[in-house]
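Note sheet for the following structure.
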Amino acid sequence: MPHHDPYRPPAKKFKPGSAFFHHKPAMLLPKKGNNPPPTPMEVQRKRLPIYQAKHQLLTQLRQLPCETGSGKTTQIPQYLYEAGIGRQGVIAITQPRRVAAISLAGRVAEEKRTPLGKLVGYTVRFEDVTSSETKLKFMTDGMLLREAIGDPLMLRYTVVVLDEAHERTMHTDVLFGVVKTAQRRRRELSKVPLKVIVMSATMDVDLFSEYFNKSPVLYLEGRQHPIQIYYTKQPQSDYLQAALITIFQIHQEAPASHDILVFMTGQEEIEALARTCRDISKHLPDSCGPMLVIALYASLPPAQQLRVFQPAPKGCRKVILSTNIAETSVTISGIKYVLDTGMVKSKRFNPESGLEILAVQRVSKAQAWQRAGRAGREDSGLCYRLYTEAEFDKLIPMTVPEIQRCNLASVILHLMALGIPDVMHFDFMSKPLPEAIHSAVVQLELLGALEKKEQQVTLTALGKKMASFPLEPRYAKTILLSPGFSCSEEVLSIVSLLSVDTVLYNPPARRDEVLAARRKFISSEGDHITLLNIYRAFKKVSGNKEWCRENFVNSRNMGLVKAVQAQLRDICLKLNMKLESCGSDTASVRRCLAHGMFVNAAELRPDGSYVTLDSQQSVAIHPSSVLFQGKPACVVFNELVHTSRCYMRDLCLVDAEWLADAAPDYFSRKMRHAKS
DNA sequence: GAGCACTGC
């Protein structure tokens, strides 16, 4: 099948006189950059490109059982509603991100002139702004997936609109299969039909159409402005050096109001390049004008992230050095130039070792086009690719979908809970490796969530309970075991602490202060108990902000921990679990962790190194662990990270006997393996 | 003796 690039630009032209780059003309449909004068809402809605397609869209929607489309997220749901389609139920519109779901709902409610939560509402984790009147419901795709556990046929919905499908998040990919199954089952059971609309920003829709039984495709013209694409003439051995040269080349030539956005791979190189740029810009001739260099990545405190939206002072150029957060999650106006290093840091998964590796790799063509597109949002723009056109041609066309790059344990558990009979052959749009599915099934069997009966894999009662938690299966299992050790309160806290990014704030410049402040919480029992100590202290001062600052605790994430814990506690109560505290008896907590996480265990070898009991992988204690200085004989850990070495992160000291108690069969098998 | 892209339930 011939493959076409999303947004394939026309043929190239050589620009003489540029030492570094050659260029290709505009990649997208030229449009006038003038903003229309303010008009009433109705007129504005009619001006949107999708309005032209309204009639055709509605005709097709009426005739067909299943649809594929592409277009404007705020309008299609309104068209459907106004045309009376799906009025018997609710129209769901899914988004990969919370902020998008919330802000889109706000905009549509405004257009419909109704208060949010009435006709138009949204549902995201920790927040449900809907009512019995809600007909247009914006939600995260993860939320719809979770709802489906209680309602696999999705009977409360008549239409599901899956937006931003091109991003291929794990949740959207699972949803594809779930809505397709629901659609078929409803037809078989003669229920109200479920209509599905897939919206994608790329033109690579063949896959979607094919998957949904060759559904019709509707193309919509975007509102992108033309963007000039430049490539380097020679391959660059050092993309950071190339970025630096290009930034200052542009800075010398372009008007100061033209901002630059540079796509890079991570915090460290961004901070380093930011320092270099600031240094150099101080020593430039006056004719150049000042430069404001701003770093942008997800782990920056929110206040610092907001700086990218502030316009630079007049006569000063804004240069933003960003990770791929600026590809989709953060949209910055006023960008005239995009510099694309062609590299990205992303996760890869090895199903054999079960290890996830975070590595710098080349972007896909689709990603390169996405980056370029960030330059043409208000007006025409320019994109400098810091690699040659030949190198571009060798990039893979699309980013590998997340579902093919991660551990599938929770996905498989979720599908089983939805009543999918044959998970090994589930109709994924892009099939994960069979080894990855198999290794997930094995992991879930070990946890007691699945069992094999006459070649059939079935969900156990324990597995069903595990699936009701929005957690990694091993965390859910640990919670479910906790009443047996009378330490549910502690385990709920620990699991909640582990579910957020990090509650610890570690500014490198204040390292000694951080260590001093943290010393009073450190437990020789490991990182879990240390975190628990911090959380208990936090609760004792009722989350006092000043206390958080003094103790280098991230108060925003701590707030999130509280919300997660409340949610988990609710689920426990619904399962009739007895929630007790073990007080100071933290050994009970460790015993419980050993029983829940025995697959992630490691022991000390005579030579002072560590080896995992599961796959005999050689590992080391991560230097961030409180056990780093010690030599515990036996530990369980939360995860392995493969960077310069293979490190265990978040360790808990356990007794070897506890592990043997937790899974006698498993460990006797492991012993045999070790001997042979 | 390290250093971690980005989402989400």
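Of all beta bridges that DSSP places with both ends in region A:597-676, some 90 percent have antiparallel geometry.
Kindly work out what percent of the DSSP beta bridges joining two residues of chain A are antiparallel, to the nearest 5. Around 45 percent of the beta bridges assigned by DSSP in chain A are antiparallel ones. Label separation (A:Asp665 vs A:Arg156): 3.9 nm, computed from points 7 Å beyond Cα along the C-beta direction.
Applying the criteria of a DSSP loop state and at most 11 other Cβ atoms within 10 Å to the chymotrypsin sites (Phe, Trp or Tyr not before Pro) of region A:207-301 yields A:Tyr219.
For region A:361-392, GluC sites (Glu not before Pro) are listed when DSSP marks them as loop and at most 14 other Cβ atoms sit within 10 Å of their Cβ; the list is A:Glu378. Among the trypsin sites (Lys or Arg not before Pro) found in region A:575-676, those both in a DSSP coil and sparsely packed, with 14 or fewer other Cβ atoms within 10 Å of their Cβ, are A:Lys578, A:Arg645.
Overall, the anisotropy analysis places chain A in the oblate class: the square-rooted eigenvalues a ≥ b ≥ c of its C-alpha gyration tensor yield a/c not less than 1.5, with a/b not exceeding b/c.
The label-point distance for A:Leu358 and A:His283, in a model that sets each label 7 Å from Cα toward Cβ, rounds to 3.3 nm. Spatial offset of region A:374-424 relative to region A:438-474 amounts to 27 Å, using the alpha carbon center of each. When each of the peptides A:137-149, A:492-504 is scored by the mean number of other C-beta atoms lying within 10 Å of its residues, the order from highest to lowest reads A:137-149, A:492-504. Simple spin-label estimate for A:Thr502 and A:Ser618 gives 2.7 nm between the two label positions (7 Å along the Cα-to-Cβ direction from each Cα). Decide, for region A:469-585, between rounded, prolate and oblate: order the square roots of the alpha carbon gyration tensor eigenvalues as a ≥ b ≥ c, take rounded if a/c falls under 1.5, and otherwise choose prolate if a/b is larger than b/c, else oblate. The shape class here is prolate. Legend: calculated FRET efficiency, A:Leu433 to A:Glu580, from the Cβ-Cβ distance at R0 = 35 Å, rounded to 0.05, equals 0.25. If you plug the beta carbon distance of A:Lys520 and A:Ala563 into 1/(1 + (r/R0)^6) with R0 = 25 Å, you get a FRET efficiency near 0.45. Would you mind pulling out the separation of the Cα centroids of region A:491-558 and region A:104-127, in Å? Region A:491-558 and region A:104-127 have Cα centres separated by 36 Å. Cross-link pairs exceeding 20 Å between alpha carbons, from the set A:Lys118/A:Lys195; A:Lys137/A:Lys431; A:Lys465/A:Lys574; A:Lys137/A:Lys562; A:Lys214/A:Lys431: A:Lys118/A:Lys195; A:Lys137/A:Lys431; A:Lys137/A:Lys562.
Dipole size of chain A about its Cα centre, with +1 on Lys/Arg Cβ and -1 on Asp/Glu Cβ: approximately 1620 debye, rounded to the nearest 20.
Would region A:593-646 count as rounded, prolate or oblate if I go by the C-alpha gyration tensor, calling it rounded below 1.5 in a/c and otherwise prolate when a/b exceeds b/c, oblate otherwise? Taking the square roots of the gyration eigenvalues as a ≥ b ≥ c, region A:593-646 is rounded. Once the Cβ-Cβ distance between A:Asn544 and A:Leu189 is put in as r, and R0 is 56 Å, what FRET efficiency do you end up with, to the nearest 0.05? After rounding, the FRET efficiency stands at 0.50.
For A:Met424 and A:Thr114, calculate 0.36 nm times their separation in residues minus their Cα-Cα distance, and state this gained length in nm to one decimal.
Once the chain is fully extended between A:Met424 and A:Thr114, it gains 107.0 nm.
Taken together, the values in this text are just the output of simple stated rules run on the coordinates, not laboratory data. Keep in mind the model is a prediction, meaning the values are calculated, not measured. When we count neighbours, we look across all protein chains shown, and the Cβ atoms used for this are built from the backbone with ideal geometry, even at glycine.
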